[in-house]
Amino acid sequence: MMKHIIPAFAAIIILASCGKPAGNQLTRIVYDPHGLTLITSSVNKHLQTMSALYGNKEAYAAALAGDGHHVAGESFAFVTWQYHDDPVYYGSSINGELLSVETIHVESDTTYNYQLEKGNAQPVNGTVLNTAQRINYIFGYKPSVMP
Amino acid sequence: MNSLTRKSKVKKVLLGIIAFVVLAVVVLQFTTQPLTNPPVTGTIEAPKEVMAILQRSCFNCHSNETKLAWFDKIAPLSWRVKADVEHARQIMNFSEWDKLGAGDRVGAFWGITNMVKFDRMPLKGYRLLHPDAKLSPAEVEIIRKYTESITHNDRSDSTIVHDAQEAFAAWRKQTDTLKVFPKSPNGVVYTDEFKKWKVISMSTLFENSMRVIYGNDIAVKAVENEQFHPWPDGAVVVKAVWEQAPNEYGEVRPGKFINAQFLVKDGKQYTETEGWGFAKFSGNNLTPYGHTANFATTQCISCHRQLAEETGYLFSVPLKVNPKQ
């Protein structure tokens with residue numbers, strides 16, 4: 001009898017430990033920018049983060065002009081991930097967990113609505129920026145050159 | 001019938017079968033052309049300890065100095081060996097190293113490092129009969145360290161930053177857009193639609209480049225559902241590649257545009273490259289890569305096939321992360 005009970009218990013324990021609760025299932029996630037498109041990206045090797053700046057048409061135009069002028073309707077999202085060594089290609093790194101999402105909506109040429117939607121804004125050169133500085137930092141991004 | 005005659009009949013039949021098999025194997029030996037060694041045009045030069053590893057474990061397939069064991073030459077095994085060696089030479093040949101530019105040699109060593117680090121080379125089947133070809137962890141380290149040592153950006157940070165600024169200024173002024181999109185020799189046509197697609201991941205490749213990988217809706221769905229075996233036809237993934245331009249914040253930002261690499265899934269058309277149509281469009285003119293329609297069979301797919309099988313032969317597929325975080 002014991003001969004059968006022990007393996008049965010072992011089997012139950014093994015089976016139970018395999019079925020992870022659904023909430024913690026690791027998944028592959030593609031960030032949804034809610035209709036915005038990518039303007040440019042950056043990599044911070046000290047923080048091991050990668051960021052993407054998304055925007056609507058108006059935001060893209062302002063980033064391209066780069067003259068500090070902004071108009072109502074511009075919508076930006078600045079998204080940052082932790083990056084890791086690529087598990088299948090040594091020498092490469094790839095973004096992983098989402099760390100933060102910051103958005104800026106331009107309400108008028110002088111009113112910018114900054115929101116921290118998720119996480120915390122990463123420091124710049126070791127300093128955590130205040131909202132005005134953070135807006136400046138994000139507005140400083142130029143679009144990536146794409147023929 | 002008594003059992004004695006039955007036994008002798010069975011014996012006769014068995015002998016007949018054995019004789020037939022032996023004869024067939026002998027005949028097979030005359031059906032195949034033996035593998036020949038083409039002339040060595042320029043052997044790779046590397047430190048002694050690196051050469052020793054390559055010669056022992058790789059030269060039998062990736063060189064023109066193939067020295068096969070007697071059993072490698074017996075058909076039908078010899079067919080497989082011959083096919084592998086001919087394919088391996090086409091992909092990477094240590095006896096024709098002079099045909100590679102300096103950058104390609106470094107690139108080849110990153111491929112080599114990855115193949116040995118992930119235990120993909122020498123091929124598993126080959127190692128069954130040549131167990132001493134396997135690299136020890138210490139030997140993998142020798143290869144890795146050598147690869148790092150020959151990797152340096154010959155472009156200084158200041159040149160990269162300067163070129164990035166110039167490229168941006170010129171590009172911003174540019175008003176004419178491409179009227180006709182370039183086409184890769186295998187039929188993959190460039191499109192700028194990808195600029196509106198979702199970003200599936202971002203990556204860097206050593207100190208050389210930073211990339212953004214875009215996917216169309218079919219590709220995004222496939223990633224989310226892990227539909228990799230096979231990927232659905234119509235999935236398109238585009239990897240845009242730039243130089244790494246450092247800035248005053250200690251970051252790198254996209255500098256000069258290097259290329260856009262397309263992967264188009266069409267299981268019926270691209271049968272020799274696991275269903276993926278490869279294309280690379282380089283520089284501001286988006287010059288397509290490759291001279292013949294099948295360039296990817298010797299220049300792209302091996303690496304994808306050996307290292308990225310798990311994600312349907314695609315690199316830079318988003319990592320698995322905890323969605324609750």
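Every number in this text was worked out from the coordinates using simple rules, so none of it is lab data. Quantities reported herein were computed from a predicted structural model and do not represent experimental measurements. For neighbour counting, all protein chains shown are included, and Cβ atoms are generated from backbone atoms with ideal geometry for every residue, glycine included.
Translational diffusion coefficient of the stretch B:1-86 at 25 °C, 0.890 mPa s, Stokes-Einstein with Kirkwood Rh over Cα pairs, in µm²/s as a whole number. Mind showing how you got there, number by number?
Values: Rh = 16.5 Å.
D, rounded to a whole number, is 149 µm²/s.
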Which of the aspartates and glutamates could be linked to residue A:118 by a straight reach, that is with a Cα gap under 19 Å, when you skip same-chain ones fewer than 8 residues away? A:32, A:97, A:102
Between helix B:102-117 and chain B, what is the angle of the helix's C-alpha long axis to the longest principal axis, kept within 0 to 90° and rounded to the nearest 10? 60
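For the stretch A:25-139, what class follows from the C-alpha gyration tensor (a ≥ b ≥ c being the square roots of its eigenvalues): rounded when a/c is under 1.5, otherwise prolate if a/b is larger than b/c, else oblate? Can you show the working numbers first?
Working: a/c = 2.03, a/b = 1.71, b/c = 1.19.
Prolate shape, in that a/c is at least 1.5 and a/b is the bigger ratio.
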Only counting other Cβ atoms within 10 Å, I'd like B:221, B:99, B:198 sorted with the fewest neighbours first. B:99, B:221, B:198
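Take a quick pass over the stretch B:158-311 and tell me how many lysine pairs come in under 14 angstrom between Cα atoms, counting only ones 8 or more apart or on separate chains. Show your work: numbers first, answer last.
Numbers: B:183/B:280; B:195/B:239; B:196/B:239; B:198/B:221; B:198/B:239; B:221/B:265; B:239/B:280.
Eligible lysine pairs with Cα atoms under 14 Å apart amount to 7.
Past the 37 angstrom mark, what percentage of all C-alpha to C-alpha distances in the protein assembly as shown do you count? List each step's numbers first, then the result.
Details: 45844 of 111156 pairs.
Distances greater than 37 Å cover 41 percent of the Cα pairs.
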Running a GNM on chain B with Cα contacts under 10 Å, which residue among B:297, B:177, B:32 ends up with the highest mean-square fluctuation? B:177
